[in-house]
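Below you'll find the structure, written out as structure tokens, and then a few comments.
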Amino acid sequence: MPILDFLSQDAVVPSLRARDKKHALQELAAHSARHLPDLAERDIFETLVQRERLGSTGIGDGVAIPHGKLARLGKLFGLVARLEKPVDFDALDGQPIDVAFLLLAPEGAGADHLKALAQVARVLREPGMLERIRTARDATALYALLAHGPTTQAA
């Protein structure tokens, strides 16, 4: 499943301001709601918080993949953000995160949700990808990295 199936160029935030994990989730929800007019920011935020209660989506190496399912969502939606300053996210390795890739899926997405999560993780673990993301000059450059990376077309 290509990342382009669920990430659009305008869903890239090159400089997200957040004080802590909760604020980062609020900001990610707010940015997502701008792209998803049928969903309330609060519903998105609550979905992300509920998922975090099961265990942190901070996967290590300064990366988090907050995700959740929403009943009124029509298709997979992704949003990537680079944080201005790293925040503690209760990540598996104990390190703060500075890259977040939010993924929202329709409630009945099933395997597509898991495939999308796997694809995001695979792209972010490509050698050198995180460094390129962290040094990308703007949203266009950041999107180009994710859209045209060497394995982004593999599912």
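Round to the nearest 0.05 the FRET efficiency obtained for Arg134 and Asp88 when R0 = 22 Å and r is the Cβ-Cβ distance. List each step's numbers first, then the result.
Values: r = 18 Å, r/R0 = 0.81.
Rounded to the nearest 0.05, the efficiency is 0.80.
Just checking my list (i) 14.0, 37; (ii) 16.8, 51; (iii) 18.9, 62 against Rg and Dmax of the Cα atoms in Å computed from this structure; which label fits?
Computed from these coordinates, Rg and Dmax of the Cα atoms in Å corresponds to label (i).
Beyond 20 Å between alpha-carbons counts as too far, so tell me which of Lys21/Lys115; Lys22/Lys85; Lys22/Lys69; Lys21/Lys85 fall in that bin. Intermediate results must be reported in sequence, preceding the final value.
Details: Lys21/Lys115 25 Å; Lys22/Lys85 14 Å; Lys22/Lys69 18 Å; Lys21/Lys85 12 Å.
Among Lys21/Lys115; Lys22/Lys85; Lys22/Lys69; Lys21/Lys85, the Cα-Cα distance tops 20 Å for Lys21/Lys115.
Of all beta bridges DSSP finds with both residues in the chain, what is the antiparallel percent, to the nearest 5?
Percent antiparallel among DSSP bridges in the chain is about 45.
How large is the charge dipole for the stretch 8-155, taken about the Cα centre, if only the Cβ atoms of Lys, Arg (+1) and Asp, Glu (-1) carry charge, to the nearest 20 debye?
Numbers: 19 positive and 19 negative charges, 24 e Å.
Here the size comes out at about 120 debye.
Can you compute 3J(HN,Hα) from phi for each residue in the stretch 48-56, using the Karplus curve 6.51 cos²θ - 1.76 cosθ + 1.60 with θ = phi - 60°, rounded to whole Hz and x for Gly and Pro?
Calculated HN-Hα couplings, in order: 5, 5, 4, 5, 5, 5, 6, x, 5 Hz.
Roughly how many whole Å is it from the C-alpha centroid of the stretch 10-61 to that of the stretch 86-150?
Taking the Cα centre of the stretch 86-150 as reference, the centre of the stretch 10-61 is 13 Å away.
Rounded to the nearest 0.05, what FRET efficiency is calculated for Arg34 and Glu107 with R0 set to 25 Å and r the Cβ-Cβ distance? Mind showing how you got there, number by number?
Details: r = 21 Å, r/R0 = 0.86.
Computed FRET efficiency for Arg34 and Glu107 comes out at 0.70.
Kirkwood Rh and Cα-based Rg: tell me the resulting Rg over Rh for the stretch 21-75, rounded to two decimals.
Values: Rg = 11.2 Å, Rh = 11.6 Å.
Reported Rg/Rh (Cα atoms, Kirkwood Rh): 0.97.
Computed from the coordinates by the stated procedures, all read-outs in this text should not be read as laboratory data. Model, not experiment: these values are computed from the prediction. Ideal geometry is used to build each Cβ from the backbone, glycine not excepted, and the neighbour counts take in all protein chains shown.
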